[in-house]
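**Q** Before anything else, here's the structure in question.
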Amino acid sequence: MASEPRPIDLLAVASACREAGYLVSEIDRGLEVSGAEDGGAFYLFPEGDWLQVRCQVLDPQDLDQARDLTALFETIARAQFRLIGCRFGFDVLTGLWLIEDRYPGFEPEGLPAVLEQLAFVWGSLQDLLDAALKGDVPNDDALDAAFELEAASPPN
């Protein structure tokens with residue numbers, strides 16, 4: 001007999017985020033979580049027994065600046081290969097998002113670390129994504145540098 005998905009305890013999630021210093025508001029079917037100092041927001045939505053954590057990277061107005069999105073899509077694909085711990089989502093109506101899917105039974109106390117990871121990834125890629133909107137695709141060294149990684153040297 002398959003077990004029923006456990007509902008996500010959004011109160012525990014909200015409490016963990018507040019304890020870490022985030023501002024939390026209820027929205028539609030989830031939570032908006034923001035840092036007090038930077039004004040950036042994360043959106044947390046239950047999806048069955050998973051929790052989807054999102055932050056908007058580029059809004060539709062940002063995307064309208066590009067002649068085409070080829071360089072942007074190539075850049076995010078190349079960034080994704082760096083195993084950044086989250087994924088990108090694109091919606092023509094709402095823009096480009098960073099998304100982390102929290103597995104069933106996750107510990108709410110670990111959610112602030114997920115928010116920090118998403119903020120780090122976004123902060124690391126911001127300049128490269130802005131350049132991609134202008135048609136520039138970063139090389140591997142630029143992507144590695146964005147994440148403060150050193151290029152691997154071949155063995156002797």
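The values are calculated or read from the model by the stated rules, or taken from the named source; none is laboratory data. This is a predicted model, so every value here is computed, not measured. All Cβ positions, even for glycine, are placed from backbone atoms using ideal geometry, and neighbour counts span all protein chains on display.
**Q** For Glu109, indicate whether it is surrounded by fewer than 18 Cβ atoms within 10 Å (Cβ to Cβ), more than 30 Å from Asp141 (Cα to Cα) and charged (D, E, K, R). Let's see the steps before the verdict.
**A** Values: surrounded by fewer than 18 Cβ atoms within 10 Å (Cβ to Cβ): yes; more than 30 Å from Asp141 (Cα to Cα): yes; charged (D, E, K, R): yes.
It is true that Glu109 is surrounded by fewer than 18 Cβ atoms within 10 Å (Cβ to Cβ), more than 30 Å from Asp141 (Cα to Cα) and charged (D, E, K, R).
**Q** Still on this structure, please answer the following. Could you count how many residues in region 88-147 are among the basic types (Lys, Arg) and closer than 19 Å to Val13 by Cα?
**A** The first filter runs over region 88-147 and keeps only residues among the basic types (Lys, Arg), leaving 102, 134.
Keeping just the survivors that are closer than 19 Å to Val13 by Cα gives 102.
Residues flagged as among the basic types (Lys, Arg) and closer than 19 Å to Val13 by Cα within region 88-147 amount to 1.
**Q** Another question, then. Given the conditions (1) under 15 Å from Leu10 (Cβ atoms); (2) part of a helix (DSSP H, G or I); (3) among the hydrophobic types (A, V, I, L, M, F, W, C), which single one is not true for Leu63?
**A** (1)
**Q** So if I check each of Gln117, Gln61, Gln80, which one is in contact (Cβ under 8 Å) with a residue 12 or more places away in the chain and either of a type outside the set (A, V, I, L, M) or crowded, with 16+ Cβ neighbours inside 10 Å (or both)?
**A** One residue alone meets the criteria, Gln117.
**Q** Just to verify a result, which residue in region 83-114, among those that are outside any helix (DSSP H, G or I) and in contact (Cβ under 8 Å) with a residue 60 or more places away in the chain, is farthest from the chain's Cα centre (by Cα)?
**A** Taking region 83-114 first, the residues outside any helix (DSSP H, G or I) are 83-107.
Pick out the ones that are also in contact (Cβ under 8 Å) with a residue 60 or more places away in the chain and you get 84, 104-105.
Working: Ile84: 9, Pro104: 19, Gly105: 20 Å.
Among them, the one singled out is Gly105.
**Q** Starting from region 124-135, take each residue that is hydroxyl-bearing (Ser, Thr, Tyr) and list its partners that are surrounded by fewer than 20 Cβ atoms within 10 Å (Cβ to Cβ) and not in a helix (DSSP H, G or I), counting only C-beta distances under 7 angstrom and pairs at least six apart or across chains.
**A** Ser124/Phe147
**Q** Assess whether Glu107 counts as being of a type in the set (D, E, K, R), at pLDDT below 95, out of contact with any strand residue (DSSP E or B) (no Cβ under 8 Å at 6 or more places or on another chain) and on the phi > 0 side of the Ramachandran plot.
**A** On the way: of a type in the set (D, E, K, R): yes; at pLDDT below 95: yes; out of contact with any strand residue (DSSP E or B) (no Cβ under 8 Å at 6 or more places or on another chain): yes; on the phi > 0 side of the Ramachandran plot: no.
Taking the combined requirement at face value, the residue does not satisfy it.
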